[in-house]
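Have a look at the structure below before the remarks.
None of the figures in this text is laboratory data; all of them are computed from the coordinates on show. Note that the structure is a prediction, hence the values are computed from the model and not measured. Ideal geometry is used to build each Cβ from the backbone, glycine not excepted, and the neighbour counts take in all protein chains shown.
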There are 2 protein chains.
Amino acid sequence: MRAPDDSHDPALRSWVASAQDPSTDFPLQNLPLGRFRRRGSGEALRGGVAIGDQVLDLQQALARGDWPAEVRPALALLAQGDVNGFIAQGAPARQALRAALSHALRDGSAAEAALREGLVPQALAEMALPCEVGDYTDFYTGIHHATTVGRLFRPDQPLLPNYEWVPIGYHGRSSSLQVSGQDFRRPRGQYKTDAAVPVFGPCQRLDYELELGAIVGPGNALGEPIPMARAEQHLAGLVLLNDWSARDVQAWEYQPLGPFLAKNFATTLSPWIVTMEALQPFRRPFERAADRPQPLPHLDGEANRAQGAIDIALEVWLQTPAMRERGDAAERLMQSNFRDAYWTLAQLVAHHSSNGCNLRPGDLLGSGTQSGPLPAQGGSLLELTRGGREPITLPNGETRRFLQDGDSVALRAFCERAGQRRIGFGECVATVLAPRS
Amino acid sequence: MRAPDDSHDPALRSWVASAQDPSTDFPLQNLPLGRFRRRGSGEALRGGVAIGDQVLDLQQALARGDWPAEVRPALALLAQGDVNGFIAQGAPARQALRAALSHALRDGSAAEAALREGLVPQALAEMALPCEVGDYTDFYTGIHHATTVGRLFRPDQPLLPNYEWVPIGYHGRSSSLQVSGQDFRRPRGQYKTDAAVPVFGPCQRLDYELELGAIVGPGNALGEPIPMARAEQHLAGLVLLNDWSARDVQAWEYQPLGPFLAKNFATTLSPWIVTMEALQPFRRPFERAADRPQPLPHLDGEANRAQGAIDIALEVWLQTPAMRERGDAAERLMQSNFRDAYWTLAQLVAHHSSNGCNLRPGDLLGSGTQSGPLPAQGGSLLELTRGGREPITLPNGETRRFLQDGDSVALRAFCERAGQRRIGFGECVATVLAPRS
């Protein structure tokens, strides 16, 4: 029988000194998974776990550590960088690895001397996407975002009638997923002006979208829906996701088949999968507002009502070239919370597979833009500037309607709760480069 | 210097007797590529080439044949089933292999005795998807389809203003791609009736869509658009594609982000990639109707105007359970031609990458439903039955508004031209199974 899970105990301290920093995203209570190699090494990717400002290299850890037999197969997969193979095994494998890592990284662990050699400073690690993503689906669970944006595109009908009933989603592009730190060029595209003939040229209304991404763990067979009661067993954890958007292209192309070139030039993910286990203390009841319909039975469930939501604070930070040149740090543009999502992760999984569609390990489910209920909580510039009509003013006096070349956007997320150690997601950042000449 | 390409010479005869059958899809002039193993063998997948009613096993062919040095690396990839690796090399590798295969399979070839041992009857071959598909994009190039369907969904505005200017497309689901012969269950889904609360249950308006799929050969780097002049160099060839569609689910879910669960329960591909080389004699000028705008410069090009279109006859065949029980063959429901597509393959590639989006070897670009200009040329039941209002009557007296359980739908395609040997695509067939109970 396994010992009770004490891995969230806030009193736990790690022998990795930086994990004790109260501001770190990666205390001993987090233990997120990623893929990396030492920068400039040309090494093959291997699995790693973030702890403080370090990465525990799981290839080194497997070679040097004295691990319980039950976690050695998992470590063997991760040592080869096969995060997909590991997360395909589901919650029991993740929980066993979490327990073993939690013990090995604690103050006083006999493993300290052996594992200290397997630490790589995050500053010297080149991170990759945290897993191979086969299919990427983007949902639309932010009802405040959907309402505000809907008002801009369709003033007479901001929230379409299906929104309250269907977890609206669409398929995104896997090939252009990038990991935090990879910059991208401003896209060109076709858009409409007042002239009769549309324009093709650099996007004039480039935007970000603040999202979370859920990573699928075990998949399902084609034709076999995943019921609500088992939906979360199919998720490994969460990352941050920036769904960069070309608003002028989007407005012109999106009917009737949805966004396409407005989105698929780049999508940025944070490098660390924060596991469902790490998020457990931050679960909250899922409550549908009284003026909204209750979910249909196949999207409803007891566990979902009891703790389907997750309390995750979400933020967008902007650093302009002028700020960078003067040495000024990024400015926070807004804050919202994933608690406000209209649909839960379990509902997304159950809906996605309800027609028999198969999810595969490593598939990515975007949450859609997470805006809060207040105007200042818009998760995109489109919302904060009311469609570009009212520019925001930054503390240094600069204004923005949409992103300019050189602008860096960073998404951040963290979970805080009394009696718990704060955990974070790390950074999801990229800079807009000038368009190709 | 390479000998002139005589691989289309209609006088060429193969020592594979069935390749001489005038009705075969796979004469010596075709030579399409697929992946297979002997049925029930549990073997690893290997590459194969269809010839008459046989498959030339490229693993056996490599081992037994005396091949030119220039094609041995290609055969080595294909012998391992690595079609993606082969097509990533582009047109020169495909052309060299085509020439070598054309010579080896000709009447009088010295290779006959060795290669005859490498033939597997197609009836004994288990085909797989012809390559690994990373991202699947579905376009909407059938203007007659777009207009007819648009009229059903939006009577006041059948063809949206962007259609004439933008090759409209959206991302589809890769995980649920299936190869011809794999059946699928009728999906369940959420749809709206006259009642206030939507229904969740088996799809009541299940449909097919007649499409071609283009397979990407060499990819492009993220941020590097593919210009029109080089667009076709990035395509390996074409397959048939059935974009099965749940019309009731689609009508309820598709706004504002496009089709999702209405499509991603199954998409069927034919197993053979008919190469761009095989299609060469059937190229036609691309002419935009005088009452339509000319393409913007980034979607225009001399070669595209001269021969951007391809003359490919397309057909849908239906066999109901009653027909099957009585031993009746399938009935042809319609015929159209890919010449009528509003956008060419080159325009799809140039548009898709115009924002910097990267295409990868094996990516799939669906053409969208290819309906002809006449009402009887609808490429879906939605069109043929005017939204389900006017059922079609089959020769045996049965009627259909939408597909019933047990219905088999087969797509077929072929190229014919005076002075050329007819080539075909083989079959893209699947049967609708009853929904999961």
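Loop-located trypsin sites (Lys or Arg not before Pro) in the stretch A:18-55 (DSSP state not H, G, I, E or B) with no more than 14 neighbouring Cβ atoms inside 10 Å: A:39. Stretching residue A:221 away from residue A:302 to a fully extended chain increases their span by 26.7 nm, per 0.36 nm per residue minus the current alpha-carbon distance.
Summary of the geometry: the stretch B:367-391 and the stretch A:15-89, compared by the centres of their Cα atoms, lie 55 Å apart. Label sites at residue B:195 and residue B:21, each approximated as a point 7 angstrom past Cα along Cα to Cβ, lie 5.1 nm apart. Ranked for footprinting exposure by Cβ neighbours inside 10 Å, fewest first, A:380, A:270 give A:380, A:270. Counting neighbouring beta carbons within 10 Å and listing from fewest to most, the residues A:137, B:431, B:393 come out as B:393, B:431, A:137.
With its label point put 7 Å out from Cα toward Cβ, residue B:227 sits 5.9 nm from the same residue's point in the other copies, in order from shortest. Between residue A:5 and residue B:69, the modelled labels are 6.2 nm apart [label points 7 Å from Cα along Cα→Cβ].
A convex hull fitted to the Cα coordinates of the protein assembly as shown yields 186 cubic angstrom per residue. Extension gain, residue A:311 to residue A:420, is 38.0 nm, computed as 0.36 nm per intervening residue step minus the present C-alpha separation.
Comment: the Cα-to-Cβ extended label point of residue B:18, at 7 Å, lies 6.4 nm from its counterparts in the other copies, nearest first. Nearest-to-axis residue in chain A, judged by Cβ distance to the rotation axis that brings A onto B and given in whole Å, is A:258, 1.
Centre-to-centre separation between the Cα atoms of the stretch A:213-281 and those of the stretch B:308-356: 32 Å.
For residue B:192, the aspartates and glutamates whose Cα falls under 13 Å of its own Cα, not counting residues fewer than eight places away in the same chain, are A:164, B:248, B:253. Placing one equal scatterer on every Cα of the stretch A:266-382 and applying the Debye formula, the log10 ratio I(q)/I(0) at q = 0.14, 0.17, 0.19, 0.22 Å⁻¹ is -0.76, -1.05, -1.23, -1.45. Membrane-span-like helices of chain B, defined as complete DSSP H segments with a Cα extent of 30 Å or more along the helix axis and a mean Kyte hydropathy of at least -0.5, are absent.
For residue B:39 and residue A:229, a Förster radius of 30 Å and the Cβ-Cβ distance give a FRET efficiency of 0.20, rounded to the nearest 0.05. Stretched out straight at 0.36 nm per residue, the stretch from residue B:280 to residue B:109 would grow longer than its current Cα-Cα span by 59.1 nm. Projecting 7 Å from Cα along the Cα-to-Cβ direction, the label point of residue B:327 sits 9.2 nm from its equivalents in the other copies, listed shortest first. Taking other C-beta atoms within 10 Å as the exposure proxy, A:83, A:49 rank A:49, A:83 from fewest upward. Between residue B:13 and residue B:291, the distance separating the two model label sites (each 7 Å from Cα on the Cα→Cβ line) works out to 5.2 nm.
Count Lys and Arg as plus one, Asp and Glu as minus one, and take only other residues whose Cβ is under 9 Å from that of residue A:210; the net charge is then -4.
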